[in-house]
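I have placed the structure first, in the form of structure tokens, so that the comments after it can refer back to it.
The values are calculated or read from the model by the stated rules, or taken from the named source; none is laboratory data. Since the structure is predicted, the reported quantities are computational estimates derived from the model, not experimental observations. Here Cβ is always computed from backbone atoms with ideal geometry, including for glycine, and neighbour counts include all displayed protein chains. Accessible surface areas use protein heavy atoms only, side chains included; no ligands, DNA or RNA. Shrake-Rupley method; radii C 1.70, N 1.55, O 1.52, S 1.80 Å.
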Amino acid sequence: KTGMPDADTQEKGFLNHMADKEQRAGRSSPAGKVPEGEKKLHEAVCVLLVELCERFTFFGIVCNMILFCTARLGYPSHQAAMVNMCFVGTSTLTPVLVGWLAEYLVGRTKLVCICMFLHFLGTALLPVVSFPFEDVHIDRRHVLLTLPKREQKIVFYFALLTASLGIGGIRAIVCPLSAYSLEDCGPKELLSFFNWFHWLVNLNSAVVFVSISYIQQSVARNLGFLIPFVSGLMAMITIHMVRGEMIYKPKTDSSLLTTFGVIFSALKTCCVRHRYLSTALPSWLDHAKENHGGHYSETQVEGTKSLARLFPLFTFQILYRTCIMQIPSGYYLQTMNSNLHFGGFVLPVAAMNVISIVPLLILVPILESINSWLFSSKDTGHSPTIYIVAGHLSAALSVMAAGFSEIHRKRFPQVEQTLSEELLLVSSMPCFHLAPQYILLGVAEALVTPSCSLLSFWLVPERMRGISMHFLALFNGAGCFIGALFVQTAHAGTQGSWFPHLLHEGKLERFFFFLASLMMVNTLGFWAIAHRYNNLHEDCTSGFRGSFPGEKLLKHEKAIKHYNSVLESSPILSPVEKT
């Protein structure tokens with residue numbers, strides 16, 4: 001009997017504590033001003049607007065970087081392709097770095113202000129590299145103010161670095177995936193979200209590739225870098241207008257450092273035990289547990305084990321991402337060296353990217369219908385691994401088609417073509433002959449990216465989802481840098497033959513065939529392990545997800561919060577009964 005009042009006191013104290021938290025949350029958004037549903041809709045629209053503005057900025061920088069590097073900075077083709085791939089890779093990795101900084105070193109509000117400034121600085125410095133125009137008149141005098149080549153390159157690289165850091169801050173702090181409230185979604189709803197989110201991003205990129213590439217190439221090539229600046233300014237204004245609502249504060253239950261710590265601790269303990277003792281454990285990561293001589297709790301180790309299960313999936317995405325990076329590198333160079341004239345109009349080089357986006361925009365609604373039918377059966381858990389296998393195969397076929405297109409392109413006689421005021425000798429083959437390789441990569445993206453995001457998000461406990469998406473970003477960024485390494489190795493190892501500056505003098509098709517063969521092996525490798533991720537419902541019902549003590553306590557706390565809110569709002573109970 002003496003223990004019962006203590007338990008009641010603890011429960012009452014906890015309920016009062018939860019009520020105080022609810023009241024403090026209520027004070028931050030006074031009742032009667034903005035309805036809760038309208039506020040959430042406002043926040044979602046703002047996050048989506050910032051996301052689209054950021055993507056507009058990103059694609060605006062990427063879409064004609066090769067043409068700018070070759071025509072203005074005098075780079076050889078392989079070096080321009082490497083710069084583009086490294087920028088994409090850096091922009092993919094910086095959200096992971098900035099997310100870690102926001103949690104452990106700098107406050108989120110302070111860091112988002114720093115990243116907005118870096119984003120503004122980078123997008124403002126890019127026009128400095130391309131300005132001024134060749135015809136500048138000040139006080140009736142013709143003035144030619146151009147930076148020397150060396151200073152141009154320094155400013156250019158500094159601008160790309162600061163812009164990528166700013167992009168990383170916006171993606172990690174303002175527009176993280178957790179800001180879309182996906183915790184209570186099932187696999188069908190998650191796959192639908194990733195499909196339509198990817199569809200919307202690609203619709204935005206299609207607009208960018210058509211409009212900005214035309215402005216950069218045909219109207220005023222220097223003016224094009226002003227558009228990323230204006231787009232970045234729009235994103236920063238949007239963030240400033242609703243800063244209080246948009247800066248999402250994620251849960252801090254787990255971190256990248258903890259995950260890496262578990263892995264290194266397990267490796268260290270495993271090596272020591274292997275040398276001196278021979279204890280058998282179900283998993284090598286169990287060596288990191290405190291009861292096995294490690295330094296981490298069972299919850300932390302079990303979460304890392306669920307994440308380690310996805311490492312094969314992540315690894316097989318590296319080479320796939322390298323193939324996707326051929327669009328802003330190898331495919332771009334092929335298009336640039338083909339006949340762009342169409343009915344008296346010169347097509348922008350980057351506008352060919354739209355051909356790879358069109359099949360994605362068409363396929364997403366079709367895939368949604370297929371998914372609705374497949375997920376309707378509750379007996380078997382449908383897994384999108386078949387989509388990933390088909391997408392990898394499509395990517396391999398695309399790169400193979402690019403090799404045959406290159407052989408076909410060089411059979412046409414050469415003609416003169418002006419691009420960005422540079423006179424180039426190009427093949428007279430119409431650029432639309434390259435359409436099959438773009439279409440195949442577009443089909444691959446429609447199949448792979450949403451499905452891989454679903455598996456990375458769903459097959460880990462709720463508290464590990466952010467870390468899982470960070471690891472997916474790390475491996476995708478690695479794919480971009482591996483692509484740049486392949487280009488450099490192919491160029492250096494063959495004395496410029498496999499990735500030449502002048503395509504008609506080299507053998508670019510051999511590089512494509514080599515990459516296609518690697519991708520085919522990669523596809524077979526993933527197909528061999530795809531059965532590990534086949535049944536989504538099995539993982540949901542067998543206790544794999546949400547079975548850790550920390551997550552059970554979190555769910556219990558949510559239930560108590562709901563119970564407390566019912567007590568606070570119930571008209572049946574009198575004030576005396578509530579206390």
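A few points about this structure:
- Selected residue (criterion: most open to solvent (accessible area, probe 1.4 Å)) from residues of the stretch 355-375 that are hydroxyl-bearing (Ser, Thr, Tyr) and either over 21 Å from the mean Cα position of the chain (by Cα) or closer than 12 Å to residue 195 by Cβ (or both): 369
- Counting residues in the stretch 466-473 that are surrounded by fewer than 22 Cβ atoms within 10 Å (Cβ to Cβ), polar (S, T, N, Q) and out of contact with any His (no Cβ under 7 Å at 6 or more places or on another chain) gives zero.
- Residue match in the stretch 427-436 (condition: part of a helix (DSSP H, G or I), at pLDDT 90 or above, open to solvent by 10 Å² or more (accessible area, probe 1.4 Å) and among the small types (Gly, Ala, Ser)): yes
- Just one residue in the set 498, 527 is part of a helix (DSSP H, G or I), of a type outside the set (Asp, Glu) and either open to solvent by 20 Å² or more (accessible area, probe 1.4 Å) or farther than 30 Å from residue 98 by Cα (or both); that residue is 527.
- Scope the stretch 113-155; condition β-branched (Val, Ile, Thr), open to solvent by less than 60 Å² (accessible area, probe 1.4 Å) and at pLDDT 80 or above; matching residues: 123, 155
- Looking only at the stretch 408-426, and only at residues there that are assigned to a strand (DSSP E or B) and open to solvent by 70 Å² or more (accessible area, probe 1.4 Å), the one that is modelled with the lowest pLDDT: 422
- Meets criteria (touching a residue at least 24 places away in the same chain (Cβ under 8 Å), open to solvent by 30 Å² or more (accessible area, probe 1.4 Å) and farther than 17 Å from residue 334 by Cβ) for residue 443: yes
- Only listed residue being hydroxyl-bearing (Ser, Thr, Tyr), more than 24 Å from residue 67 (Cβ to Cβ) and assigned to a helix (DSSP H, G or I), chosen from 405, 451: 451
- All conditions in (1) open to solvent by 40 Å² or more (accessible area, probe 1.4 Å); (2) modelled with pLDDT under 85; (3) under 16 Å from residue 61 (Cβ atoms) hold for residue 158, with the sole exception of (2).
- Residues of the stretch 20-69 that are at pLDDT below 55 and either on the phi > 0 side of the Ramachandran plot or open to solvent by less than 10 Å² (accessible area, probe 1.4 Å) (or both): 32 alone.
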